[in-house]
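**Q** Pasting in a structure now, in structure tokens, and then I'll have a few things to ask.
The values are calculated or read from the model by the stated rules, or taken from the named source; none is laboratory data. Note that the structure is a prediction, hence the values are computed from the model and not measured. Because the Cβ atoms are built from the backbone with ideal geometry, glycine has one as well, and the counts that use them run over all protein chains shown. Accessible surface is based on the protein model in full, side chains and every heavy atom, while ligands, DNA and RNA are left aside. Shrake-Rupley method; radii C 1.70, N 1.55, O 1.52, S 1.80 Å.
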Protein chains: 2
Amino acid sequence: MSAPPPVIVLVRPQLGQNIGKAARAMLNFGLTELRLVAPRDGWPNPDAGPAASGADALLDSAAVFETTVEAIADCSLVFASTVRRRDLVMPVIDPEAMAREIHSTEGRTAILFGPERSGLETEDVALANAIVTVPINPEFGSLNLAQAVILLAYEWSRGTSLNQPTAKELEPPAAMTELEGLIGQLESSLDQVGYFFPPDRVEATKLTLRTILTKPRWSTREIQALRGVVRALAENRRRG
Amino acid sequence: MSAPPPVIVLVRPQLGQNIGKAARAMLNFGLTELRLVAPRDGWPNPDAGPAASGADALLDSAAVFETTVEAIADCSLVFASTVRRRDLVMPVIDPEAMAREIHSTEGRTAILFGPERSGLETEDVALANAIVTVPINPEFGSLNLAQAVILLAYEWSRGTSLNQPTAKELEPPAAMTELEGLIGQLESSLDQVGYFFPPDRVEATKLTLRTILTKPRWSTREIQALRGVVRALAENRRRG
């Protein structure tokens, strides 16, 4: 049993045409699950179908979400397709390493792509376990959305026929919703003790905590243990 | 001293826009030499520039030939990008094998691409040393010209300096003493709130926490941030 193909998540895509092209790119390499986060022009989009050149079934089954967090709720390993971000301390890997990780993971995986013009926002990138960057000409980097999708899909497909034994983790990493539960609990506990100060640093501080906690890819059991730790520390405040 | 990048030869391309897109695809991966064989609408073509998204220099220097034979006259190794041909007995290799051959050849190399609608004619394929085929979904093969170019250009670039490890200038993991500091602080805070209970489970619980916290290989900065978190939660107890 090999790992399921990664889910492709287009975050706030702008043009329906580009959604169609991305679908076409996916299907060429056997990726079939497309998720859309708040597409700018709504969904369905009449421009998507013609650009998909026959990959219509994939558009018909595309799921739409309001937020990126919801779109990756069932995934345990998430990559953000973007260039390196100065504002985030995160692993940056190449497509080959990404494909290797996807193939050796048991749970669902996802790759996030940002809006055509601006790319992924920092908050979206921070949800991922790692940034995946296609190494391109430093003097001319000009990959469009569908090209980024096709290169990562192609790289994933390279490993599909190999059927290598996967290095099994003892416990598979928990789904993102479980991690969100821990992060939400910790933030609310820290909020109550006045940790988030000054106000203009709150978002940056939360982002730092999120990346620190996303890095380990803890299992369900580990996240539950940590929730117990946070609860013990936080509840004592009320008793005290 | 590595072999020179392959020449991209577009045989009887139809739309100027697609020539521009192919140029853009090439330059992303450091390919700069474009040759055109009998472009349908003549050359230069006003539709090419806008589609090249900045790769104009590559269009300006594109050489135009009447025949494919002339276009590859100075090349010692030629690949035809197409699907397998029943009418020709020729080696069919994948992009990875093509890239390997290009990198290990001393002379000039070329990759032929056919017209958008029909692909390469048999006579053109027959000029090549081998057919290169991108392995795609057998139920949905729909690569356009620029996509075929970008995938082969990407595959070639894997063997070049572009594809040096995507510099993981991540923060190195902290020394074990720093992790011990965090673990010690957390254990003592949890001890004060009566977390370790019952007594006969203390060692096992501490072991669990330790493995959870050792897994991530956090950096110094990350460990300091977490110590701040634990301190905030624990100190509030005294204030409360």
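**Q** State all residues of the stretch A:77-92 that are open to solvent by 10 Å² or more (accessible area, probe 1.4 Å) and either touching a residue at least 12 places away in the same chain (Cβ under 8 Å) or more than 13 Å from every other protein chain (Cβ to nearest Cβ) (or both); if no residue qualifies, say none.
**A** Across the stretch A:77-92, the qualifying residues are A:Ser81, A:Thr82, A:Val83, A:Arg84, A:Arg85, A:Asp87, A:Leu88, A:Val89, A:Met90, A:Pro91.
**Q** For the stretch A:195-207, enumerate the residues that are at pLDDT below 90 and closer than 23 Å to A:Ala232 by Cβ.
**A** Listed by number, the list is empty, since nothing qualifies.
**Q** Something else: If B:Ala25 satisfies all but one of (1) surrounded by fewer than 24 Cβ atoms within 10 Å (Cβ to Cβ); (2) of a type in the set (Gly, Ala, Ser); (3) part of a helix (DSSP H, G or I), what's the number of the condition it fails?
**A** (1)
**Q** In the list B:Gly49, B:Gly54, B:Gly30, which residue meets the criterion of being part of a helix (DSSP H, G or I) and in contact (Cβ under 8 Å) with a residue 12 or more places away in the chain?
**A** After applying the criteria, what remains is B:Gly49.
**Q** Taking the options A:Gly30, A:Gly54, name whichever one is closer than 18 Å to A:Ala99 by Cβ and either surrounded by fewer than 23 Cβ atoms within 10 Å (Cβ to Cβ) or away from every other protein chain (no Cβ under 14 Å) (or both).
**A** A:Gly30
**Q** Given the condition over 21 Å from the mean Cα position of the chain (by Cα), at pLDDT below 95, assigned by TED's automatic domain parsing to the domain that holds B:Leu151 and basic (Lys, Arg), answer yes or no: does some residue in the stretch B:74-84 qualify?
**A** yes
**Q** Quick one: A:Ala48 ticks every box in (1) farther than 15 Å from A:Ala175 by Cβ; (2) within 15 Å of the chain's Cα centre (by Cα) bar one, so which box is it?
**A** Evaluating A:Ala48 over (1) farther than 15 Å from A:Ala175 by Cβ; (2) within 15 Å of the chain's Cα centre (by Cα) leaves (2) as the failure.
**Q** Shifting gears a bit: What single numbered condition from (1) in contact with a Pro (Cβ under 9 Å, 6 or more places away or on another chain); (2) assigned to a helix (DSSP H, G or I) fails to hold for A:Pro39?
**A** Only one criterion in (1) in contact with a Pro (Cβ under 9 Å, 6 or more places away or on another chain); (2) assigned to a helix (DSSP H, G or I) is unmet by A:Pro39, namely (2).
**Q** Right, something else. Any residue at all in the stretch A:158-165 that's at the interface with another protein chain (Cβ under 9 Å from one of its Cβ atoms) and surrounded by 17 or more Cβ atoms within 10 Å (Cβ to Cβ)?
**A** Taking every residue of the stretch A:158-165 in turn, at least one turns out to be at the interface with another protein chain (Cβ under 9 Å from one of its Cβ atoms) and surrounded by 17 or more Cβ atoms within 10 Å (Cβ to Cβ).
**Q** For the stretch A:207-227: of the residues being more than 8 Å from chain B (Cβ to nearest Cβ) and free of Cβ contacts under 8 Å to residues at least 60 places away in the same chain, which is nearest to B:Val229 (Cα to Cα)?
**A** A:Leu213
**Q** If you scan the stretch A:138-147, which residues turn out to be at pLDDT 95 or above and either assigned to a loop (DSSP other than H, G, I, E, B) or more than 10 Å from chain B (Cβ to nearest Cβ) (or both)?
**A** A:Leu145
**Q** Those residues that are open to solvent by 10 Å² or more (accessible area, probe 1.4 Å), over 19 Å from the mean Cα position of the chain (by Cα) and either under 21 Å from B:Val69 (Cα atoms) or among the hydrophobic types (A, V, I, L, M, F, W, C) (or both), I need them from the stretch B:1-22; list them, please.
**A** Once the filter is applied, which keeps residues that are open to solvent by 10 Å² or more (accessible area, probe 1.4 Å), over 19 Å from the mean Cα position of the chain (by Cα) and either under 21 Å from B:Val69 (Cα atoms) or among the hydrophobic types (A, V, I, L, M, F, W, C) (or both), the stretch B:1-22 yields B:Met1, B:Ala3, B:Pro4, B:Arg12, B:Gln14, B:Leu15.
**Q** Listed residues A:Leu162, A:Leu186, A:Leu182, A:Leu233; which is more than 17 Å from the chain's Cα centre (by Cα), part of a loop (DSSP other than H, G, I, E, B) and either modelled with pLDDT under 90 or not polar (S, T, N, Q) (or both)?
**A** Among A:Leu162, A:Leu186, A:Leu182, A:Leu233, only A:Leu162 is more than 17 Å from the chain's Cα centre (by Cα), part of a loop (DSSP other than H, G, I, E, B) and either modelled with pLDDT under 90 or not polar (S, T, N, Q) (or both).
**Q** Here's another thing I want to ask about it. Can you tell me which residue within the stretch A:207-230, out of those that are part of a helix (DSSP H, G or I) and open to solvent by 60 Å² or more (accessible area, probe 1.4 Å), is nearest to A:Ser76 (Cα to Cα)?
**A** A:Arg221
**Q** Filter the stretch A:104-136 down to residues that are open to solvent by 30 Å² or more (accessible area, probe 1.4 Å) and away from chain B (no Cβ under 11 Å), then give me how many there are.
**A** Count: 8.
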